[in-house]
Amino acid sequence: MAKLLVTGGAGFIGSHTCLALLEAGFSLVVIDDFSNSSPEALKRVSTLARLQLPERLQIIEGDIRNSEDLDKAFLLNNELVEAVIHFAGLKAVEESIRNPLSYWDVNVNGTCCLLEAMRRNRCRTIVFSSSATLYGNSERVPIPETSLIEPLNPYANTKAAVETLLADVSASETGWRIASLRYFNPVGAHPSGLIGEAPNGIPNNLFPYLTQVAIGRRKDMEVFGGDWPTIDGSNIRDYIHVMDLAEGHCAALKVLRDEEPQLLTVNLGSGRGYSVLEVLRTFEKESGIKVPFKIGKRRAGDIPSSIADPNLAMERLSWKTKRTLSEMCRDAWAWQQANPYGYSN
Ligand SMILES: NC(=O)c1ccc[n+]([C@@H]2O[C@H](COP(=O)([O-])OP(=O)(O)OC[C@H]3O[C@@H](n4cnc5c(N)ncnc54)[C@H](O)[C@@H]3O)[C@@H](O)[C@H]2O)c1
């Protein structure tokens, strides 16, 4: 049973991916400082996987910028870590504009520390959470991986910088197996309603905001701009169910383990875009709840449309999305209803 280190494994995408990896038979060590998550998420992951903590899921509360914390995770039980799945990082675009130093420190310096720890501990396989935001306002939609990298904010700059760092590391010595997965818009939750997205404070993303309005925690939805050059004037995004995304990580890991050392960069998206108003209508249909909304101003730095070209993911990972927008809405709503205040119920 191969052992993996998952950084940021208690977070939204990390927790769902931990479940998929446990179900695929891996043994996991999670390192997380819980700055944006709760240990409760991992308890529930273990329940869903029919395990009892710490069976196959060990948890270290620690910071990826701290070499002692990292070595503790790598050396746990004296078993070699075969690969790292690296989610830990800061992810709010607006916060990154106000506080770029934290973003460069956690996202870029944190990854440097992690890569150094990997070398010290003879591990050379890593799957990295990159983001479609590094394409900026791409002229080509659907966006292939060969599109220009034109980040428009500090958060996206850090993702582009880490991809460059990984390319340099991969070129520096043989043996590195690296996958950068460029996520489009991860949403939804595990269909059990036991784990899901639990943002601190006011949500930055559409889905958690929408479900918090529907449950009555917030008054109404603001749609950012009604005059974009799209079918109905609202933004279009490529939403991807978080369980599809979790399975995408398993597929990428399999390719890295089975094939020769390589640097792989792949979009994870569906190839289908939906406007904010389409999402609202689908959510209302699935939940049976009318969601009050108003059309507000465009947000600075926003782009009209972002849709993945998913062909390379199919070709290289034999992976594509399976779940529909209705399932994304249904599962996000089931999670929100069962956990109105996230893990702090
Ligand atoms: N959610 C999205 O829309 C999206 C889109 C593209 C890429 N990503 C990337 O995917 C990754 C996971 O995103 P998420 O939505 O699950 O975010 P999240 O905030 O839910 O998860 C990140 C986890 O990392 C932990 N963490 C943060 N700083 C840490 C540190 N210094 N040391 C240890 N742990 C630390 C947090 O406590 C949290 O559990 C991030 O790197 C993010 O940039 C997310």
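The stretch 1-145 has equivalent-ellipsoid semi-axes of 26, 18, 16 Å, by the square roots of 5 times the alpha carbon gyration tensor eigenvalues, sorted largest first.
Listed by chain and number, the lysines whose C-alpha is less than 24 Å from the C-alpha of K290, apart from same-chain residues fewer than 8 away, are K219.
Mind checking which of E68, E139, E173 has the largest fluctuation in a GNM of the chain, springs on alpha carbons under 10 Å? Comparing E68, E139, E173 in a Gaussian network model of the chain, the most mobile one is E173. Which of rounded, prolate or oblate describes the stretch 124-241 when judged by the alpha-carbon gyration tensor and an a/c cut-off of 1.5? Because a/c hits 1.5 or more and a/b fails to exceed b/c, the stretch 124-241 counts as oblate. Structural descriptor for the stretch 234-303: relative contact order 47 percent, calculated from alpha carbon pairs under 8 angstrom and at least 6 residues apart. Solvent-accessible surface of the chain, taken per residue with a 1.4 Å probe and all protein chains present: 44 Å². When DSSP beta bridges are restricted to pairs lying wholly in the chain, around 5% turn out antiparallel. Under 21 Å of direct C-alpha separation, and excluding same-chain neighbours fewer than eight residues apart, K91 reaches these lysines: K159.
Computed from backbone phi with θ = phi - 60° and the Karplus coefficients 6.51, -1.76 and 1.60, the 3J(HN,Hα) list for the stretch 309-322 is 8, x, 5, 5, 4, 5, 5, 8, 9, 6, 10, 8, 6, 10 Hz; x is used for glycine and proline.
Looking at the stretch 214-266, the trypsin sites (Lys or Arg not before Pro) that sit in a DSSP loop and have at most 10 other Cβ atoms within 10 Å of their own Cβ are K219. When both the stretch 239-257 and the stretch 187-211 are represented by their alpha-carbon centers, they are found 19 Å apart. For the stretch 251-264, backbone phi angles converted through the Karplus equation (6.51, -1.76, 1.60; θ = phi - 60°) give residue-by-residue couplings of 5, 5, 4, 4, 4, 4, 6, 7, 9, 5, x, 6, 10, 10 Hz, Gly and Pro being listed as x. Taking all protein chains as shown and a probe of 1.4 angstrom, S102 keeps an accessible surface of around 40 Å².
D by Stokes-Einstein for the chain, Kirkwood Rh over Cα pairs, 37 °C, 0.692 mPa s: 162 µm²/s.
Peptide packing for 203-209, 27-33, 222-228 was compared via the average number of neighbouring C-beta atoms within 10 Å per residue; ordered from the highest value, the list is 27-33, 203-209, 222-228. A simple spin-label model places the labels of D232 and N205 2.1 nm from each other, with each point 7 Å out along Cα-to-Cβ. Helix content alone sets the calculated 222 nm mean residue ellipticity of the chain: runs of n ≥ 4 DSSP H residues at -39500 (n - 2.57) each, divided across all residues, give -11500 deg cm²/dmol. Inter-part distance, the stretch 84-156 to the stretch 287-337, computed on C-alpha centroids, equals 21 Å. Computed from backbone phi, the HN-Hα couplings of the stretch 64-73 come to 5, 8, 10, 5, 5, 4, 5, 5, 4, 5 Hz, rounded to whole numbers (Karplus: 6.51 cos²θ - 1.76 cosθ + 1.60, θ = phi - 60°; Gly and Pro given as x). Element breakdown for the chain at a 1.4 angstrom probe: carbon and sulfur atoms account for 49% of the accessible area.
The values are calculated or read from the model by the stated rules, or taken from the named source; none is laboratory data. Computed from a predicted structure; not experimentally measured. All Cβ positions, glycine included, derive from the backbone under ideal geometry; neighbour counts span all protein chains shown. Note: accessible area is taken over every heavy atom of the protein model, side chains too, but ligands, DNA and RNA are not part of it. Shrake-Rupley method; radii C 1.70, N 1.55, O 1.52, S 1.80 Å.
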